[in-house]
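I am attaching a structure below and will ask some questions about it afterwards.
The values are calculated or read from the model by the stated rules, or taken from the named source; none is laboratory data. Keep in mind the model is a prediction, meaning the values are calculated, not measured. All Cβ positions, glycine included, derive from the backbone under ideal geometry; neighbour counts span all protein chains shown.
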Amino acid sequence: MTATVPPFATSAPPHAVLVVDDEPGIVNAIRRELSTPPLGRYRYAVEGFTDPAAALQRADEQEFEVVVTDYRMPAMDGLEFLKALHAVQPDCVRVVLSGQTDMAALVEMINQTHIYRFIPKPWSSSFLKSTIMQAIDFRSVQVNNRRMAKALRSEGIDLPLDAINQVDQILVVDDEIAVAHAVARDLTRRSRLDDVFSAMRSEMLQHRAPELDANRVSVQVTDSPLHALKMADDMTFSCVIADYQMPGMDGARFLEAFAEKQPDTACIMLSGAANLDNIVFALDMAHIHNFIAKPWTDYELRAIVAQALTRRRLDLENQVLARMCKARNLDFTGD
């Protein structure tokens with residue numbers, strides 16, 4: 001199935017969206033939705049495929065800003081497809097649309113491919129359109145910041161040493177304070193399995209996996225989501241880890257509220273009770289970076305937090321360099 005460009009006159013070029021679903025009716029429906037007013041401030045060039053392999057081949061030729069893919073497909077599932085697409089187009093924002101994804105599959109997609117949103121079938125037209133629009137905005141900021149940072153580095157100017165805190169503050173929120181303290185202990189110590197696990201991850205990823213440096217993290221704990229939100233008024237946190245099942249405010253809504261206060265904080269949900277709907281809400285509203293199931297293993301916990309902190313630090317560095325680039329009126333329009 002091939003491309004269609006919406007028939008709207010506009011000065012800006014349409015935004016390229018890739019749709020992959022083994023059902024032709026779904027592909028056509030999404031194309032129709034993204035061609036039908038109201039569309040907001042963007043227009044779209046939609047390319048749809050029922051074969052993930054064909055979509056990947058097209059991705060070798062055409063840059064896409066957003067991909068919307070089903071999870072359950074016969075030849076290649078959504079996780080395998082997104083991994084392959086990320087290798088070709090790492091900046092393409094990943095959205096999963098599915099009616100049959102199970103919880104384990106969703107968690108795997110969050111942790112391994114860092115999907116931006118999950119849209120359940122049947123979907124709401126307004127939610128689909130707003131998700132695509134937000135995904136384009138998100139990508140634009142990420143790509144432009146990186147380009148400006150590259151332009152600044154090309155001038156021999158790098159990040160000031162004091163631009164970003166060298167110690168990462170981590171907040172753990174669980175109504176069982178003993179659990180919060182257990183997480184804190186696991187984040188600040190190293191086990192004999194860490195080297196083995198790190199080597200396995202590095203081999204799988206084909207590059208050195210991030211590792212957590214206990215000397216560069218400080219962990220705060222609380223058993224109250226409301227107290228945690230008050231703490232956010234006084235201290236900047238690099239990462240917040242929250243249980244889902246807490247009295248007064250569940251973890252998903254807490255992380256949503258926390259993200260409003262500190263949008264650059266890496267949010268992680270930790271739970272043994274959350275269901276698929278809970279995780280979808282946390283992903284869509286709080287933009288969680290990862291999900292950790294209880295009971296956790298200490299080395300996996302540290303690996304996930306290390307990855308989240310590394311991504312956050314890179315984003316912050318690019319933001320700082322981008323501001324410096326703007327201040328110097330350097331050109332960043334080229335790659």
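Can you name the condition, by its number, that Glu61 falls short on among (1) surrounded by fewer than 19 Cβ atoms within 10 Å (Cβ to Cβ); (2) in contact with a helix residue (DSSP H, G or I) (Cβ under 9 Å, 6 or more places away or on another chain); (3) farther than 12 Å from Ile132 by Cα?
(2)
Surrounded by 17 or more Cβ atoms within 10 Å (Cβ to Cβ), farther than 19 Å from Asp277 by Cα and in contact with a strand residue (DSSP E or B) (Cβ under 9 Å, 6 or more places away or on another chain): which single residue out of Ile136, Ile119, Ile115, Ile110 fits that description?
Sole residue among the options that is surrounded by 17 or more Cβ atoms within 10 Å (Cβ to Cβ), farther than 19 Å from Asp277 by Cα and in contact with a strand residue (DSSP E or B) (Cβ under 9 Å, 6 or more places away or on another chain): Ile136.
So which helices (runs of 4 or more DSSP H) are wholly in segment 225-335 and hold at least 2 residues that are under 21 Å from the mean Cα position of the chain (by Cα) and charged (D, E, K, R)?
Passing ranges, in order: 251-261, 276-286, 298-327.
Can you pull out the residues in segment 260-292 that are modelled with pLDDT of 85 or more and surrounded by fewer than 19 Cβ atoms within 10 Å (Cβ to Cβ)?
Residues satisfying the conditions are Glu260, Lys261, Gln262, Pro263, Asp264, Gly272.
Let me ask another. Quick one: which of Ala105, Ala75 is more than 13 Å from the chain's Cα centre (by Cα) and assigned to a helix (DSSP H, G or I)?
From the options Ala105, Ala75, the qualifying one is Ala105.
Given the criteria modelled with pLDDT of 95 or more and aromatic (Phe, Trp, Tyr), does Phe8 qualify?
For Phe8, the condition - modelled with pLDDT of 95 or more and aromatic (Phe, Trp, Tyr) - is not met.
Within segment 29-44, which residues are surrounded by 15 or more Cβ atoms within 10 Å (Cβ to Cβ), within 24 Å of Ala12 (Cα to Cα) and more than 25 Å from the chain's Cα centre (by Cα)?
Once the filter is applied, which keeps residues that are surrounded by 15 or more Cβ atoms within 10 Å (Cβ to Cβ), within 24 Å of Ala12 (Cα to Cα) and more than 25 Å from the chain's Cα centre (by Cα), segment 29-44 yields only Ser35.
May I pose another question? Filter segment 45-68 down to residues that are assigned to a loop (DSSP other than H, G, I, E, B) and more than 24 Å from the chain's Cα centre (by Cα) and give me whichever is farthest from Val88 (Cα to Cα).
The extreme case among them is Thr50.
For Asn318, work out the one condition from (1) within 18 Å of Ala182 (Cβ to Cβ); (2) among the polar types (S, T, N, Q); (3) buried (at least 20 other Cβ atoms within 10 Å of the Cβ) it doesn't fulfil.
(1)
For segment 45-77, which positions are hydrophobic (A, V, I, L, M, F, W, C) and touching a strand residue (DSSP E or B) at 6+ places or on another chain (Cβ under 6 Å)?
Ala45, Val46, Phe49, Ala55, Phe64, Val66, Val67, Val68
Could you list, ordered by first residue, the pairs with Cβ atoms under 7 Å in which the first is in segment 303-318 and assigned by TED's automatic domain parsing to the domain that holds Ser238 and over 16 Å from Arg147 (Cβ atoms) and the second is hydrophobic (A, V, I, L, M, F, W, C) and assigned to a helix (DSSP H, G or I), at least 6 apart or interchain?
Ala303/Phe197; Val305/Leu187
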